[in-house]
1. Looking at region 79-118, which of the residues that are among the aliphatic types (A, V, I, L, M) and farther than 20 Å from residue 11 by Cα is most open to solvent (accessible area, probe 1.4 Å)?
2. Show the residue pairs meeting these rules: Cβ distance below 6 Å; 6+ apart or different chains; first residue within region 36-61 and modelled with pLDDT of 95 or more; second residue of a type in the set (S, T, N, Q).
3. How many residues are at pLDDT 95 or above and small (Gly, Ala, Ser) if we restrict to region 78-107?
4. Does any residue of region 49-67 turn out to be among the acidic types (Asp, Glu) and either open to solvent by less than 10 Å² (accessible area, probe 1.4 Å) or under 26 Å from residue 10 (Cβ atoms) (or both)?
5. Of all residues being open to solvent by 60 Å² or more (accessible area, probe 1.4 Å) and touching an Asp or Glu at 6+ places or on another chain (Cβ under 9 Å) in region 8-38, which is nearest to residue 77 (Cα to Cα)? Just the residue, please.
Amino acid sequence: VQLEESGGGLAQARASLRLSCVASTPTFSRYAMSWFRHRAGKEREFVAASRRGNTHYADCVKGRFTISRDSAKNTVYLQMNSLKPEDTAVYYCAADSSLITSKLKNPSAYDYWGQGTQVTVSS
């Protein structure tokens, strides 16, 4: 499975951005699709996940970020509102077909990753 992200860029604080990730698989609906991010000097961290109709979020983005998916386009989105400078990071799309819910937040559990897209939020 190949994943290709897009939509990153530079934004001011309190602005919005939408990230997209297209997956090259005919069985897109079977995959848990997630977003992680890597901030400078920190470990890669979970942001949001979509699996079997359910969504999961990191506490730091709840109420601001929304993950959604369009099966007709094999695409998962991350709508990011009320951006903060601390959201600055490289954002990665990840996919796996066999994850259980308890593993969704563990980056090492995913088999497939995109190349990442930079999001920079200025104050």
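1. If we take residues in region 79-118 being among the aliphatic types (A, V, I, L, M) and farther than 20 Å from residue 11 by Cα, then 100 is most open to solvent (accessible area, probe 1.4 Å).
2. Note: pairs meeting the criteria are 49/34.
3. 4
4. yes
5. Going through region 8-38, the residues open to solvent by 60 Å² or more (accessible area, probe 1.4 Å) turn out to be 10, 12, 14, 16, 18, 22, 24, 26, 29-30, 38.
Right, trim to touching an Asp or Glu at 6+ places or on another chain (Cβ under 9 Å) and you get 22, 24, 38.
Working: 22: 9, 24: 15, 38: 18 Å.
The residue in question is 22.
Matching residues to (1) under 12 Å from residue 32 (Cα atoms); (2) free of Cβ contacts under 8 Å to residues at least 60 places away in the same chain; (3) in contact with a helix residue (DSSP H, G or I) (Cβ under 8 Å, 6 or more places away or on another chain):
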| residue | (1), (2), (3) |
| --- | --- |
| 72 | no, yes, no |
| 86 | no, yes, no |
| 91 | no, no, no |
| 97 | yes, no, yes |
| 105 | yes, yes, no |
| 110 | yes, no, no |
| 119 | no, no, yes |
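The values are calculated or read from the model by the stated rules, or taken from the named source; none is laboratory data. Quick caveat, the model's predicted, so the values are computed rather than measured. Cβ: placed from backbone, ideal geometry, glycine included. Neighbour counts: every protein chain shown. With ligands, DNA and RNA removed, areas are computed over all heavy atoms of the protein, side chains included. Shrake-Rupley method; radii C 1.70, N 1.55, O 1.52, S 1.80 Å.
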